[in-house]
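Colleague: Take this structure, written in structure tokens, and hold onto it; I'll ask about it next.
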Amino acid sequence: MGQWPWWLQVSAVFVAARLVSACIFMAAAVHQGTNPWFPPAPDYWSFITIWDGRWYQQAAESGYPSELPVDQNGVVKENAWAFYALFPFLGRGLSAMTGWGTLPSLTVIAMVAGLAAALVVYKLFREAGSRKAALWGVVFMSTFPVSPILQVPYAESLNLFLLASSLLLVVRRHYLAAIPVVILMCLSRPTGVPFAAMLGLLLVWRLWQRFGPNAPGGSRDGTTTSTPDLVRLAVLVLVAGTGALAWPAIAWAVTGDPTAYTRTETAWRGHDLVPFKPWFDTGRMLFGPFLGVLAPFVFAGLFVLMMMSRPVRALGTELRLWCACYMGYLITFLHPQTSTFRMLLPLFPLALAAVLLSKSKAYRGTVVVMFFLLQIVWVVWLWAWAPLPGGGDYPP
């Protein structure tokens, strides 16, 4: 395998990881009992289409409601506006061209996008590490405990592909070429806000390097950021900021409600969006009234320490800024729950940092084995349906 071209090595790693995940899915499906979607013990292809896959199917087949559904108290109910349009749009197109059903089409798109993401992630990691380190980074990303999400009809794999492509273009300073990719990324999943924030901070940093006192140069390779590059980056910042607001604006235009998207997103929470508050609520629920208030600060402090570590610093300015902005976005707006594990996937650059932590084969092999074991936990605990005493189940 060491003599294979890079793209074949990466493809082999990703496909092998997905086959292992498929075995985990099939083993869990055998034990699947009564559930809202199909009879017990479904086949693999049915089992992987549950949860949000059905929402994407609905968005592809029926579109988005022109009026928000509400209950008797006027509270918005769960609806398709929570699911960005690019993924279901592509599924609908593939279904029309091939005659396949919507869910099979979405599954194929997710699998192909996952493989494409692995290839782009490798090229991105090569910007900061050796060939061997980049390949191990892809191994870690492909076996991550929530990586089975890359082979089910969810938008994660498509978003990962577009996000990695956007980051690669930004790292290489192809700012104008990144514009269409960033726009598509903003229409795939809600990663546009942290990406725009990352670009804004990057622009400030580049301006400081270019015009600040004792300007050191401009980049890892010692080159100075030119004025035309700064202008192109500023254009990309504006485009990303506009793209980040595009989906909420579309929901507003269609429904006539300026808060249509946020009200829909919070329908799953059961309360309005209040920045930061859900982390303290969850902290108090898990650790009590005193430690629960401290828990978010401890978590944030540990993340800051990790971002200052040597392996993370080796990622370079752009990837570090992305990880910091995305985590900041989660802390600001996310309601921490079991779906939080899945939402950590955009922090994939940290997979390379984990590789750079040690060159030991025993360490890297142990991480992969641990990740596969945690995949079993994730699939059996969160993907498989097991009703809670009060009804429903924890979402994956």
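Colleague: With a Förster radius of 41 Å, plug the Cβ-Cβ distance of residue 177 and residue 287 into 1/(1 + (r/R0)^6) and report the FRET value to the nearest 0.05.
Modeller: In this case the efficiency is close to 0.30.
Colleague: Highest first, please rank the peptides 132-144, 337-349, 19-31 by the mean number of other Cβ atoms sitting within 10 Å of their residues.
Modeller: Descending mean neighbour count gives 132-144, 337-349, 19-31.
Colleague: Based on Cα coordinates alone, diagonalise the gyration tensor for the chain, multiply each eigenvalue by 5, take square roots, and list the semi-axes in whole Å, largest first. If you can, show how the numbers build up before the last one.
Modeller: Details: eigenvalues 213, 141, 105 Å².
Values for the chain, descending: 33, 27, 23 Å.
Colleague: How many angstrom lie between the C-alpha centres of region 109-132 and region 336-396?
Modeller: First find each Cα centre; the distance between them is then 19 Å.
Colleague: Moving on. List the residues whose amide H sits under 5 Å from the amide H of residue 70, counting only those 5 or more places along or on another chain, with H placed 1.01 Å from N in the peptide plane.
Modeller: 77
Colleague: Using the beta-carbon distance between residue 67 and residue 44 and R0 = 30 Å, what value does 1/(1 + (r/R0)^6) give for FRET efficiency, to the nearest 0.05?
Modeller: With R0 = 30 Å, the Cβ-Cβ based efficiency is 0.20.
Colleague: Step through the residues of region 228-244 one at a time and calculate ³J(HN,Hα) from phi using the Karplus curve (6.51 cos²θ - 1.76 cosθ + 1.60, θ = phi - 60°), rounding each to whole Hz and writing x for Gly and Pro.
Modeller: The phi angles translate into x, 5, 5, 5, 4, 5, 4, 4, 5, 4, 5, 5, 5, x, 5, x, 5 Hz.
Colleague: With θ set to phi - 60°, apply the Karplus curve 6.51 cos²θ - 1.76 cosθ + 1.60 along region 79-84 and write out the HN-Hα couplings as whole Hz, x wherever there is a Gly or Pro.
Modeller: 7, 5, 5, 6, 10, 4
Colleague: What's the extension gain from residue 377 to residue 37 if we count 0.36 nm per residue and subtract their Cα-Cα distance? If you can, show how the numbers build up before the last one.
Modeller: Numbers: separation 340, 0.36 × 340 = 122.40 nm, distance 2.16 nm.
Stretched out fully, the residue 377 to residue 37 stretch lengthens by 120.2 nm.
Colleague: Arranged from highest to lowest average of other beta-carbon atoms within 10 Å per residue, in what order do the peptides 283-293, 243-253 appear?
Modeller: Peptide ranking by packing, descending: 243-253, 283-293.
Colleague: Let me ask another. Gaussian network model of the chain, Cα springs within a sub-10 Å range: biggest mean-square fluctuation belongs to which of 379, 368, 254?
Modeller: Among 379, 368, 254, the largest mean-square fluctuation in the Gaussian network model of the chain belongs to 254.
Colleague: HN-Hα J couplings of region 369-385 from phi, Karplus 6.51/-1.76/1.60, θ = phi - 60°, integer Hz, Gly and Pro as x?
Modeller: Working through the residues one at a time gives 4, 4, 4, 5, 5, 6, 4, 4, 4, 5, 5, 6, 7, 10, 6, 5, 8 Hz.
Colleague: If eta is 0.692 mPa s and T is 37 °C, what Stokes-Einstein diffusion coefficient results for region 104-230, Kirkwood Rh from Cα pairs, in µm²/s?
Modeller: My calculation gives 205 µm²/s for D.
Colleague: Let me ask something additional. Using just the helices of the chain, give the 222 nm mean residue ellipticity in deg cm²/dmol: DSSP H runs with n ≥ 4 each add -39,500 (n - 2.57), and the total is spread over all residues, rounded to 500.
Modeller: Result for the chain, helices only: -20000 deg cm²/dmol.
Colleague: With a cut-off of 8 Å between alpha carbons and a minimum separation of six or more residues, what is the relative contact order of the chain in percent?
Modeller: It comes to 20 percent, rounded to a whole number.
Colleague: With charges only on Cβ, +1 for K and R and -1 for D and E, what is the dipole size of the chain about its Cα centre, in debye, rounded to 20?
Modeller: 1560 debye
No lab work stands behind these numbers, since they all come straight from the coordinates. A quick note: this is a predicted structure, and the numbers were derived from the prediction, not measured. Note that we place each Cβ from the backbone using ideal geometry, even for glycine, and neighbour counts take in every protein chain shown.
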